[in-house]
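The values are calculated or read from the model by the stated rules, or taken from the named source; none is laboratory data. Worth saying up front: this structure is predicted, and the values here are computed from it rather than measured. Cβ placement follows ideal geometry from the backbone for every residue including glycine, while neighbour counts extend to all protein chains displayed. Accessible surface is based on the protein model in full, side chains and every heavy atom, while ligands, DNA and RNA are left aside. Shrake-Rupley method; radii C 1.70, N 1.55, O 1.52, S 1.80 Å.
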Amino acid sequence: MEHVIRIDRVSKIYRTGEVTVEALKEVSLTIAKGEFSAIAGPSGSGKSTLLNIVSGLDKPDGGTVELGGKAMTAMSASDLSDFRRDHIGFIFQSYNLIPVLTVEENIEYVMLLQGVPKAERRERVAKILTEVGLDGMQTRLPIHLSGGQQQRVAVARAIVSRPDIILADEPTANLDSKTADALLDMMQELNRTHGVTFLFSTHDQMIMDHARRLITLRDGRIFSDEVRG
Amino acid sequence: MMLFVKLAWRNLFRNKRRTILAGLMIGLGLAAMITTDAVMKGTIDNMIATATSSFLGEGQIHRDGFRKTFEVEQTIVNGPALFDKLKKEPLIRRASPRTASFGMITSPANVQSVMLYGIDPADEKELSKIDDLLVSGAYLATADEAKILLGEKTADLLEVGLGDKIVVTVAQAHTGELSQELFRVGGIFRFGSRQMDGGMAFIPLKRSQEMLKLDGGLHEIAFSFHDNLKSEDTALPLWSELSAGGNEALSWTELVSELAMMRSMTDFSLYLVGIILFGIVAVGIVNTLFMSLYERMFEFGVMRAVGTRPRQAAQLMVMEAGALALIAIAMGIVIAFIVNGLLMHYGIDYSGSEFVVTLRDPIYPVLTVTQFTLYPLLLFIFTCLVGLYPAIYAARLTPAKAMKRGL
């Protein structure tokens, strides 16, 4: 099976004054293409740290990270930006939309950075808006959308640039259960239809229930790794 | 590129009040710079106009060395012919022939030494403003009448009034013999300058030439140009042509070098004012941009996370600085127009004050195209340069830290 992510003995230490916290302790993990996986665990278990390292937002103190067969740990800040732009989609807890851009412009943002031609951008945006159920809202600013709608825009933006993997950090944390459920259904549908790999960081039971693989972290180590059906 | 231009412009209006206040502060700096320059130019122009139009002229011809000794026999070489030539010169607007000598004026009450000028009433009236500056009496009517124009202070000292008789004594050319003649006070003038009102007197040219035994000779030809900027062009061939044969033709910039020096000092003062104003503006811009950056720290983190390069993040900050500069420039130009419009209407009244010369008219600001093009352009470039500081900061942010700080 083709691996999207390969993490080998990754460790991360945070130092605040004289206090040292070992957030990740030689964690090794592989995520295969098309997985719908979740990393769960209590607060401080290292979920977000692991997600930040996988995405190249933060650098590990030890070990190696490969995404799509490329070693991320040796890349410069600029190369990492390009790599994230072309290979990773992000969904954050607080929607992470650019408030001054409309729905359409927010979705287009990464494609603009990629240099996708205008006609193709418009076509992809129209298609994804239908898929995430936001038809007719392309000219609205994020402030005029509900939390669920904003998160749908974030999902659309993450997926429209055709990344290898979508990393979602607590994407349902600010949503009511009905909206969260609908959003997860939509992401599952995208996973099935487009074959996009999803990796969640969560302590939301609903995501854990939807995930086909559940990796549990505890004290910076993988406590369990459970694959369901 | 257009994406970041759009983002920068829209970001600027996320906090309208802050943008307006910051723009106003920068705009006020620009308006202050324009107004300072305009008023300084107006002041200097006023002083130059006062100096050159009152009596000096924009240029003068003398016999080389005359200005050091004022020896009576040092007349201009071929003075009358040179004067005729000058009157036909296309660049020259007006010219006036003069004699200039030390003289003694005696009244029944007192004695006063003066610089006695012989003037051609008609030519002098065209060039200088002696007739306008008379506070009593009348200007000289003919070139040979026995009338004298005295300064107000000289008249006070001599205790004479209009129509009173006085005796003028001068030393004649070559022999040095004293020549005396009786004049009646025809008019009393006030230039506003102690030196001129207490030390100058004017008699008709022919009278002075006869008294000094000059045989039609001249000590001075004052002249003005059609285009007054030519008077400052010392590379103009006319200066060397007029200086040929032992004469010396000088521009007002050399005759009243204090004024030219004052102008260059004014330029230097303007640079200092500019540096101080731009310094204040720089602090304002950096503060505004950093506030904006800190407010959007999470957003910057997200932008970097989804693939915005460090250079692009920096570019966005510089563009925001540039957009702020454009708003500030628009505000500054409007403020500058209003302030200078008011000053041009009412003027700044320092008339009667004596600096290098005595100002006669209110000071009006002088607006130039440079003030509304170069200064805004410099401000725009400067703002973008200052914007580099927060831009570099934004570029160096690591996405994870930025998102943590933003939360």
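Could you tell me whether the range B:247-268 includes any residue that is in contact (Cβ under 8 Å) with a residue 24 or more places away in the chain, touching a strand residue (DSSP E or B) at 6+ places or on another chain (Cβ under 6 Å) and of a type in the set (Gly, Ala, Ser)?
Scanning the range B:247-268, I find at least one residue that is in contact (Cβ under 8 Å) with a residue 24 or more places away in the chain, touching a strand residue (DSSP E or B) at 6+ places or on another chain (Cβ under 6 Å) and of a type in the set (Gly, Ala, Ser), so the answer is yes.
Just give me the residues in the range B:127-138 being without any contact (Cβ under 8 Å) to a residue 60 or more places away in the chain and either in contact with a strand residue (DSSP E or B) (Cβ under 6 Å, 6 or more places away or on another chain) or part of a strand (DSSP E or B) (or both), in sequence order.
Quick first cut of the range B:127-138, residues without any contact (Cβ under 8 Å) to a residue 60 or more places away in the chain only: B:131-132, B:134-138.
Result: B:Leu134, B:Val135, B:Ser136, B:Gly137, B:Ala138.
Taking helices (runs of 4 or more DSSP H) that do not extend beyond the range A:127-229, which have at least 1 residues that are open to solvent by 40 Å² or more (accessible area, probe 1.4 Å) and more than 18 Å from A:Leu97 (Cβ to Cβ)?
Fully inside the range A:127-229 and qualifying: A:177-194, A:205-210.
Those residues that are open to solvent by less than 20 Å² (accessible area, probe 1.4 Å) and of a type in the set (A, V, I, L, M, F, W, C), I need them from the range B:27-47; list them, please.
Correct list: B:Leu30, B:Ala31, B:Met33, B:Ile34, B:Ala38, B:Ile44, B:Met47.
Can you give me the ranges of the helices (runs of 4 or more DSSP H) entirely in the range B:368-407 with at least 1 residues that are within 14 Å of chain A (Cβ to nearest Cβ) and surrounded by fewer than 21 Cβ atoms within 10 Å (Cβ to Cβ)?
Those helices (runs of 4 or more DSSP H) span B:388-396, B:399-406.
Collect the residues in the range B:323-347 that are of a type in the set (Val, Ile, Thr) and out of contact with any helix residue (DSSP H, G or I) (no Cβ under 7 Å at 6 or more places or on another chain), keeping them in residue-number order.
Hits for the range B:323-347 are B:Val334, B:Ile338.
Answer yes or no as to whether A:Asp86 is open to solvent by 30 Å² or more (accessible area, probe 1.4 Å), assigned to a helix (DSSP H, G or I), out of contact with any His (no Cβ under 8 Å at 6 or more places or on another chain) and touching a residue at least 40 places away in the same chain (Cβ under 8 Å).
Yes; evaluated as a whole, the condition is true for this residue.
Applying the selection to the range A:100-126, what residues are open to solvent by less than 50 Å² (accessible area, probe 1.4 Å) and part of a loop (DSSP other than H, G, I, E, B)?
If the condition is that a residue be open to solvent by less than 50 Å² (accessible area, probe 1.4 Å) and part of a loop (DSSP other than H, G, I, E, B), then A:Val100, A:Leu101, A:Thr102, A:Val116 are the ones that fit.
For the range A:122-133, indicate whether the set of residues that are among the small types (Gly, Ala, Ser), within 14 Å of chain B (Cβ to nearest Cβ) and farther than 27 Å from A:Ala38 by Cβ is non-empty.
no
Here are some conditions: (1) crowded, with 22+ Cβ neighbours inside 10 Å; (2) out of contact with any strand residue (DSSP E or B) (no Cβ under 9 Å at 6 or more places or on another chain); (3) modelled with pLDDT of 90 or more. B:Leu242 meets all but one. Which one does it not meet?
(2)
Would you pick out the residues in the range B:10-32 that are within 10 Å of chain A (Cβ to nearest Cβ), part of a helix (DSSP H, G or I) and more than 17 Å from B:Val286 (Cα to Cα)? Can you show your working first?
Restricting attention to the range B:10-32, the residues satisfying the condition of being within 10 Å of chain A (Cβ to nearest Cβ) are B:10-14.
Okay, now just the ones that are also part of a helix (DSSP H, G or I), so B:10-12.
The one that is within 10 Å of chain A (Cβ to nearest Cβ), part of a helix (DSSP H, G or I) and more than 17 Å from B:Val286 (Cα to Cα): B:Arg10.
Of the residues that make up the range A:90-99, is at least one at the interface with another protein chain (Cβ under 8 Å from one of its Cβ atoms), open to solvent by 50 Å² or more (accessible area, probe 1.4 Å) and in a helix (DSSP H, G or I)?
No, the range A:90-99 contains no residue that is at the interface with another protein chain (Cβ under 8 Å from one of its Cβ atoms), open to solvent by 50 Å² or more (accessible area, probe 1.4 Å) and in a helix (DSSP H, G or I).
Quick one: is B:Gly59 within 30 Å of B:Ile221 (Cβ to Cβ), at pLDDT 90 or above and away from chain A (no Cβ under 14 Å)?
Yes.
Across the range B:33-52, which residue is farthest from the other protein chains (Cβ to nearest Cβ) among those that are small (Gly, Ala, Ser) and more than 15 Å from B:Gln371 (Cβ to Cβ)?
Once the filter is applied, the top-ranked residue is B:Ala51.
Can you name every residue in the range A:51-83 that is open to solvent by 50 Å² or more (accessible area, probe 1.4 Å), among the hydrophobic types (A, V, I, L, M, F, W, C) and more than 7 Å from chain B (Cβ to nearest Cβ)?
A:Ala71, A:Ala74
Take the range B:71-90 and flag every residue that is surrounded by 14 or more Cβ atoms within 10 Å (Cβ to Cβ) and under 31 Å from the mean Cα position of the chain (by Cα).
Those that are surrounded by 14 or more Cβ atoms within 10 Å (Cβ to Cβ) and under 31 Å from the mean Cα position of the chain (by Cα): B:Ile76, B:Leu82, B:Phe83, B:Lys85, B:Leu86, B:Lys87, B:Glu89.
From B:Leu277, B:Leu324, grab the single residue that is open to solvent by less than 40 Å² (accessible area, probe 1.4 Å), closer than 30 Å to B:Gly42 by Cβ and assigned by TED's automatic domain parsing to the domain that holds B:Tyr364.
Going through B:Leu277, B:Leu324 in turn, just one is open to solvent by less than 40 Å² (accessible area, probe 1.4 Å), closer than 30 Å to B:Gly42 by Cβ and assigned by TED's automatic domain parsing to the domain that holds B:Tyr364: B:Leu277.
Test each condition in (1) away from chain A (no Cβ under 14 Å); (2) farther than 30 Å from B:Thr368 by Cβ; (3) among the charged types (D, E, K, R) for B:Lys6 and report the one that comes out false.
With (1) away from chain A (no Cβ under 14 Å); (2) farther than 30 Å from B:Thr368 by Cβ; (3) among the charged types (D, E, K, R) applied to B:Lys6, the lone miss is (1).
Can you name every residue in the range A:24-50 that is open to solvent by 10 Å² or more (accessible area, probe 1.4 Å) and more than 18 Å from the chain's Cα centre (by Cα)?
Selection gives A:Lys25, A:Glu26, A:Ser28, A:Pro42, A:Ser43, A:Gly44.
Identify, by number, the condition in (1) among the polar types (S, T, N, Q); (2) assigned to a helix (DSSP H, G or I); (3) touching a Phe, Trp or Tyr at 6+ places or on another chain (Cβ under 9 Å) that A:Ser37 doesn't meet.
(2)
Checking the conditions here, which among B:Ala122, B:Ala95 is farther than 23 Å from B:Gly192 by Cβ, out of contact with any Gly (no Cβ under 6 Å at 6 or more places or on another chain) and not in a strand (DSSP E or B)?
Unique residue meeting the criteria: B:Ala122.
List the pairs whose first member sits in the range A:100-111 and is facing chain B (nearest Cβ under 10 Å), whose second member is among the aromatic types (Phe, Trp, Tyr), and whose Cβ atoms are under 9 Å apart, counting only residues at least 6 apart or on separate chains?
A:Val100/B:Trp9; A:Val100/B:Phe13; A:Leu101/A:Tyr109
Looking only at the range B:225-235, count how many residues are open to solvent by 10 Å² or more (accessible area, probe 1.4 Å) and touching a helix residue (DSSP H, G or I) at 6+ places or on another chain (Cβ under 6 Å).
Within the range B:225-235, the subset open to solvent by 10 Å² or more (accessible area, probe 1.4 Å) is B:226-230, B:232-235.
Now narrow it down to the ones that are touching a helix residue (DSSP H, G or I) at 6+ places or on another chain (Cβ under 6 Å): B:232.
Looking only at that region, the number is 1.
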